[in-house]
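The values are calculated or read from the model by the stated rules, or taken from the named source; none is laboratory data. Bear in mind the structure is a predicted one, so any value in this text is a computation, not a measurement. Glycine also receives a Cβ, built like all others from the backbone with ideal geometry; neighbour counts cover every protein chain displayed. Accessible surface is based on the protein model in full, side chains and every heavy atom, while ligands, DNA and RNA are left aside. Shrake-Rupley method; radii C 1.70, N 1.55, O 1.52, S 1.80 Å.
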Amino acid sequence: MNQKLFFTLLIGLFVLSGISHYAHFGTILEFIISALAILMVAGFLGKATESVAHYAGQRLGGFLNATFGNAAELIIAIFLVREGLFDMVKASITGSIIGNLLLVLGASVFLGGLKFKEQRFNVQLASHNSSLMILAVIALGIPAIFISTQHFSADKAKLLSLTIAGILIVAYILWLVFSMITHKDILADVEETTPDHGEEAAWSKSTSVLFLVLATVMTAFVSEWLVSTLHTFTAKFGFSEVFIGAFLIAIVGNAAEHSAAVMLAMKNKIGAAVEIAVGSSLQIALFVAPVLILVSTLFGPTMDIVFTPIELAAIAVSVFIAKSISKDGTTNWYEGALLIFVYIILGISFYLV
């Protein structure tokens, strides 16, 4: 798409989405306009991320995309926590984790695999990602087992939740130090070891960073406008709140990451795509969820870290299949299809709950 036309559509749909939200055009029309707007904003964020990655490297670029992409979701979740909608928050956390591991990673691997027979990324990075994903399953599963026993009072449940939240945040910070500083060279992406001189960055370094921040802010606004229409819109089709939280809100909140990861994979930059998909899931489980638990103490009752058996099963299944597919550091289109199939199975199951 011509760059001038792209920016014209981007600005036009963003403004129109804002007008429709505040002028109350009607839920269905607001939903359609906001959905189109978020697709354009997602494309903008993807282009900005790719340009930043050109200067910062694929891993750091992927990390920045995951972080900026999750920023909008974190802001929305904080408002939900303030309203005491803890079940909706946990459902959206579950949806974000499985959405990134299955839908985002699956679409990236599948579409990238259709263009390139086999794509490779750092096998040691894949191994460490797998270990962190297992840590996330343990950290989210253990509280559900122990707090459900009769020996756990409300005070003990609060203490355990806050303790685990603190441990997870420390573990995530140490992972950033390990992967970005002390072992940066060992975990470098395959594509970073052979510099690509054939592509030019879309914008200068300063412009790329500015556009990345701008795209994130636009994503936050459009996501909020779209989410505000979901309850009324989905009620017409009989969707449950669990399905809305775990799938619709999660998909909307991660739309930018979906776009960026797929675009990078189709340019044979699967390492950055994996960093966006898996890195975002890890960031949600090891940082965003614990931060929300700590933040909840500021608003009143503390949100516990106990997820339902359905949510835990969905997360565990997602981690299992993602670990199995990514452990060898190579991907192909069929593995991407398998991830998408598992996501569809979970989606249908959540819809029928």
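General observations
- When each full DSSP H helix of the chain is screened for a Cα extent of at least 24 Å along its own axis and an average Kyte-Doolittle hydropathy of at least 1.0, the helices passing are 3-23, 27-56, 123-147, 154-177, 205-235, 309-326, 333-352.
- Using the 1.4 Å probe convention, the accessible area of the stretch 3-352 works out to 44 Å² per residue with neighbouring protein chains retained.
- Within the chain, longest stretch free of exposed GluC sites (Glu not before Pro) [DSSP loop, at most 13 other beta carbons within 10 Å]: 201-353
- With every protein chain in place, the stretch 3-352: carbon and sulfur % of accessible area (1.4 Å): 70
- For Phe320 and Ala23, a Förster radius of 51 Å and the Cβ-Cβ distance give a FRET efficiency of 0.65, rounded to the nearest 0.05.
- Binned Cα-Cα distances of the stretch 296-353, short to long, each 10 Å bin given as a whole percent: 19, 36, 25, 15, 5
- DSSP-loop trypsin sites (Lys or Arg not before Pro) across the stretch 110-170, with at most 11 other Cβ within 10 angstrom: Lys117
- With all protein chains modelled, accessible area of Tyr22 [1.4 Å, Å²]: 150
- For the residue pairs Lys158/Lys327; Lys47/Lys90; Lys184/Lys323; Lys47/Lys269; Lys205/Lys323; Lys90/Lys269, alpha carbon separations beyond 24 Å are given by Lys158/Lys327; Lys47/Lys90; Lys205/Lys323; Lys90/Lys269.
- Label point distance in nm, Val15-Leu214, each placed 7 Å from Cα along Cα→Cβ: 1.4
- Full-extension gain in nm, Ile186 to Glu83, via 0.36 nm per residue minus C-alpha separation: 32.7 nm
- Modelled this way, with points 7 Å down the Cα-to-C-beta line, the labels at Leu114 and Leu5 are 2.1 nm from one another.
- Solvent accessible area, Å² - Asp304, 1.4 Å probe, full protein context: 60
- For the stretch 3-352, averaging the sequence separation of C-alpha pairs within contact (under 8 Å, six or more residues apart) and dividing by the residue count gives a relative contact order of 42 percent.
- Trypsin sites (Lys or Arg not before Pro) restricted to the stretch 254-345 and DSSP loop, no more than 15 other C-beta within 10 Å: Lys327
- Spin-label zone in the stretch 259-288 - amide nitrogen under 12 Å from a point set 7 Å from the Cα of Val177 along the C-beta vector: none
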